[in-house]
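For reference, the structure is listed below as structure tokens.
The values are calculated or read from the model by the stated rules, or taken from the named source; none is laboratory data. Predicted model, so just to flag it, every value in this text is computed and none were measured. FYI the Cβ positions are ideal-geometry reconstructions off the backbone, even for glycines, and counts take in every protein chain you see. The accessibility values were calculated without ligands, DNA or RNA, using every heavy atom of the protein model including side chains. Shrake-Rupley method; radii C 1.70, N 1.55, O 1.52, S 1.80 Å.
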Amino acid sequence: MTDDHLKTELAALHMPVFDVPWAGACSPHVERIESRMLEWADAYGLFISDAYRERVVRTRYGWLAARCYPNADPSLLQALADYFVWFFLVDDLFVDRVEPVGPDTLRNLTAMIDVLDYECTGPQPIYGERAWLDVCQRLRARLSAEHFARFAQGMRLWATTAGLQI
């Protein structure tokens, strides 16, 4: 394909215009949430390399939480931002990049379910397990029992579906 042909094709593309009838909102606490989220992930050893840390910095999970829940109080917003970073990193390591499948593959996922069911880590916590316990404890304290049960059920479904997918 020649450059002229490509330019002609690109010029013929019609991009849709999206009109969102409501104003965007973002928590005024976003800068502090983002900073503390990075410190929290660091403290729990979630950054397995500098590249992972840099990717999280670029992705800005604290900002995602602040845009999704602009009216949440700071402590709930912090728990949500910490959950976001935990979830995406654990999903990358335990679900998306599982090759080859080994003896610990399913144990990594069942450990997350065990934290939900037993409210503690195993004797030798795996990657992310202590951070997951911290998030669960904070969400249990902030959410009604019914809301936490729904959240926990969704996470159980994620882990079991991931196990089946693998």
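General observations
- Qualifying position, being open to solvent by 30 Å² or more (accessible area, probe 1.4 Å), at pLDDT 95 or above and polar (S, T, N, Q), among 110, 121: 121
- Some residue of the stretch 6-13 being open to solvent by less than 90 Å² (accessible area, probe 1.4 Å) and either touching a residue at least 40 places away in the same chain (Cβ under 8 Å) or assigned to a loop (DSSP other than H, G, I, E, B) (or both): no
- Any hit, the stretch 74-86, residues being charged (D, E, K, R) and within 13 Å of the chain's Cα centre (by Cα): yes
- Checking each residue in the stretch 87-107 for being acidic (Asp, Glu), open to solvent by 30 Å² or more (accessible area, probe 1.4 Å) and part of a helix (DSSP H, G or I) picks out only 96.
- Tabulated pairs, the stretch 122-133, first over 13 Å from residue 85 (Cα atoms) and in contact (Cβ under 8 Å) with a residue 40 or more places away in the chain, second outside any helix (DSSP H, G or I) and among the aromatic types (Phe, Trp, Tyr), C-beta under 7 angstrom, 6+ apart or interchain: 130/44
- In this entry, residue 46 is excluded by the filter for residues that are farther than 15 Å from residue 79 by Cα and either of a type in the set (Gly, Ala, Ser) or modelled with pLDDT under 85 (or both).
- Residues (in a helix (DSSP H, G or I) and either over 17 Å from the mean Cα position of the chain (by Cα) or free of Cβ contacts under 8 Å to residues at least 40 places away in the same chain (or both)) located in the stretch 134-145: 136, 137, 140, 141, 142, 145
- As a summary of the residue check, residue 76 satisfies the conditions (1) over 30 Å from residue 28 (Cα atoms); (2) in contact (Cβ under 8 Å) with a residue 12 or more places away in the chain except for the one numbered (1).
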